[in-house]
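Worksheet for the structure shown next.
Just so it is clear, none of the values below were taken in a lab; they were calculated from the coordinates. No experiment lies behind these values; they were computed from the predicted model shown. FYI the Cβ positions are ideal-geometry reconstructions off the backbone, even for glycines, and counts take in every protein chain you see.
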Amino acid sequence: MFQANSLRLRVAFLFAFFGAGLSILVSIGTYLAVKEIGHQLIDDTLRSELHEHSAYPIFEPPNTSTMNGYIISPDDVSEFIPPEIKGLAPGSYNLRIKNTAQRVLIEDRGRARYFMTFNTTSQHQHEDEYSRYLALFALTMTVMSSAGGFWLASRVTRSVRRLAKQVGNANPEDADLELSSLTDNDEVGALARAFDRYLRRLQEFIERENYFTADVSHELRTPLAIMLGSVEVLEQDQTLSDKQRERIARIRRAAQDMTELTSALLLMAREQQRTTEDQNDQVGEVVRSCVEKHLPLIAGRKIRMEVKLIAEPDLSFERPLLEIVVGNLIRNALFHTNSGFLLLTLQEDKLIVQDSGAGMRPEELARALERYYKGSSSAGSGVGLSLVKRICERYGWHILLDSQQGQGTTVTIEFAANKHIHK
């Protein structure tokens with residue numbers, strides 16, 4: 001089986017097309033040349049006969065099954081001269097006389113006009129037979145060109161196919177494929193060597209990234225763990241006032257959020273490897289947890305934050321990443337809502353976050369998911385929604401925004417692409 005855009009098929013087709021075109025042109029040219037030569041030979045024969053018979057004092061025209069002669073002069077006019085040629089000017093013609101194909105030669109000599117005719121029926125039969133041979137030759141050339149093109153294309157692309165197969169079967173952990181050993185020292189070999197150099201550079205880059213990920217994971221988690229430990233010690237101090245305990249709780253939440261964010265970003269940096277068997281968390285529980293975590297952000301404002309669980313989706317996800325999605329949507333909604341409501345609705349195939357806040361203008365809505373884009377009233381870095389979009393793309397989810405200025409915003413996360421059904 002070959003693909004429709006297979007290189008071998010394309011080369012074979014071009015060879016067949018070239019062979020067919022060339023053979024057809026050669027056949028047509030040969031046929032026309034043979035036909036013209038035949039006419040020239042007939043004309044020479046007719047002139048020779050005319051010269052021989054007109055040399056006598058009295059013109060004695062030939063009268064055979066293939067050749068006839070006629071004359072028109074003041075002294076002699078042939079009887080039964082065909083009316084088809086009687087009024088013609090001097091020259092050579094192909095005519096049908098009495099339903100018979102004839103080659104006609106007309107010449108003026110002195111005061112006489114001579115007419116010579118040659119029956120070309122047999123000549124046309126030979127030409128038709130010759131044309132069939134030429135058509136067979138063109139067809140044979142086309143078939144041979146196709147076969148030769150396919151054979152040549154197979155020979156030419158053999159090393160390319162070996163190279164493509166080796167690259168296609170390669171695993172990310174393969175350090176050195178040695179692709180250049182699969183090819184000769186030709187253009188494909190140069191391509192293979194370029195691939196080898198690129199793969200070595202890519203492997204070095206991946207190794208640096210792995211070291212960087214490990215170092216960042218260690219260097220960030222260690223101070224965060226120290227901060228959380230210090231917060232636990234401070235929380236055990238019975239002399240703290242309520243105001244101080246509230247501030248320490250805010251520090252704990254910030255440190256925990258930083259720890260979770262670090263874990264999530266490290267997950268995003270790795271190659272996607274998810275398994276549904278190890279997933280025990282439920283989306284509804286994650287949504288409730290995020291809402292409870294963000295309740296202090298209301299800070300006495302007249303905002304009603306509510307969660308409506310209509311159905312529980314059965315999804316494959318990493319909890320830190322889903323928490324980032326829900327948390328960012330909640331924070332954005334609370335930032336742009338001074339009073340009113342924030343409603344999170346969880347359905348079997350989607351999560352809807354709806355607020356009654358300030359909304360967005362059409363130009364802001366069109367660019368809301370762009371990285372580093374901040375609206376006119378935003379004080380953030382412009383990374384939150386773009387990060388939400390990246391996480392959704394990781395799982396094959398779809399994020400939809402609908403907003404009108406002064407009437408609030410609705411964000412819909414559609415889970416259908418990543419839904420997992422237990423059998």
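For each of PHE195, PHE317, count neighbouring Cβ atoms within 10 Å of the residue's Cβ, then give the residues from fewest to most.
Details: PHE195 17, PHE317 23.
The fewest-first ordering by Cβ neighbours comes to PHE195, PHE317.
Between GLU219 and PHE341, how high is the FRET efficiency from 1/(1 + (r/R0)^6) when r is the Cβ-Cβ distance and R₀ = 25 Å? Nearest 0.05.
Values: r = 42 Å, r/R0 = 1.66.
Efficiency at R0 = 25 Å is approximately 0.05.
At a Förster radius of 51 Å, what calculated FRET efficiency corresponds to the Cβ-Cβ distance of SER154 and THR64, to the nearest 0.05?
Numbers: r = 61 Å, r/R0 = 1.19.
Taking R0 as 51 Å, the efficiency between SER154 and THR64 is 0.25.
Once fully extended, how much extra length lies between GLN404 and GLU52, figured as 0.36 nm per residue of separation less the alpha-carbon to alpha-carbon distance? Let's see the in-between values first.
Numbers: separation 352, 0.36 × 352 = 126.72 nm, distance 10.70 nm.
Taking GLN404 through GLU52 to full extension adds about 116.0 nm, to one decimal.
Less than 19 Å from a label point 7 Å out along the Cα-to-Cβ axis of GLN282: which backbone N atoms in the range 335-352 qualify, by residue?
344-352
Which order do LYS98, LYS350 fall in if you start with the one that has the fewest other Cβ atoms within 10 Å?
LYS98, LYS350
If you take every residue apart from ARG247 with its C-beta less than 14 Å away from the C-beta of ARG247, what net charge results, scoring Lys and Arg +1 and Asp and Glu -1? Please report the intermediate quantities before stating the final value.
Numbers: positive: LYS243, ARG245, ARG250, ARG252, ARG253; negative: GLU235, ASP237, ASP242, GLU246.
That sum, taken over residues with Cβ under 14 Å, equals +1.
Per-residue HN-Hα couplings for the range 149-161, Karplus 6.51 cos²θ - 1.76 cosθ + 1.60 at θ = phi - 60°, whole Hz, x for Gly and Pro?
Whole-Hz 3J(HN,Hα) from phi for the range 149-161: x, 5, 5, 5, 5, 5, 5, 5, 8, 4, 5, 5, 5.
Net charge near THR120: determine it from the other residues with C-beta under 11 Å of the C-beta of THR120, scoring Lys and Arg +1 and Asp and Glu -1.
Values: positive: LYS35, ARG96, ARG103; negative: GLU127.
Combined, the nearby Lys, Arg, Asp and Glu give +2.
Return the sequence-ordered ³J(HN,Hα) values of the range 283-292 in whole Hz as given by the Karplus equation 6.51 cos²θ - 1.76 cosθ + 1.60 applied to θ = phi - 60°, using x for Gly and Pro.
4, x, 5, 5, 4, 4, 4, 5, 5, 4
Diagonalise the Cα gyration tensor of the range 188-263 and give the resulting equivalent ellipsoid semi-axes, square root of 5 times each eigenvalue, largest first, whole Å. Kindly include the intermediate steps, with their values, before the conclusion.
On the way: eigenvalues 490, 19, 5 Å².
With the √(5λ) rule applied to the range 188-263, the semi-axes are 49, 10, 5 Å.
Mind ranking 386-398, 321-333 by how tightly packed they are, going by the mean number of other C-beta atoms within 10 angstrom, highest first?
On the way: 386-398: 17.7, 321-333: 22.6.
The densest-packed peptide leads the list: 321-333, 386-398.
Taking θ = phi - 60°, what integer Hz values does the Karplus form 6.51 cos²θ - 1.76 cosθ + 1.60 yield along the range 253-267, in sequence order, with x for Gly and Pro?
Result, rounded to whole Hz: 4, 5, 5, 5, 4, 5, 5, 5, 5, 4, 4, 5, 5, 5, 4.
Rounded to the nearest 0.05, what FRET efficiency is calculated for LEU309 and PHE13 with R0 set to 45 Å and r the Cβ-Cβ distance?
Details: r = 61 Å, r/R0 = 1.34.
For R0 = 45 Å, the calculated efficiency reads 0.15.
Would you kindly calculate the translational diffusion coefficient of the range 7-144, applying Stokes-Einstein with the Kirkwood radius from alpha carbon pairs, for 4 °C and a viscosity of 1.567 mPa s, and quote it in µm² s⁻¹ without decimals? Spell out each step's value before the answer.
Numbers: Rh = 17.6 Å.
My calculation gives 73 µm²/s for D.
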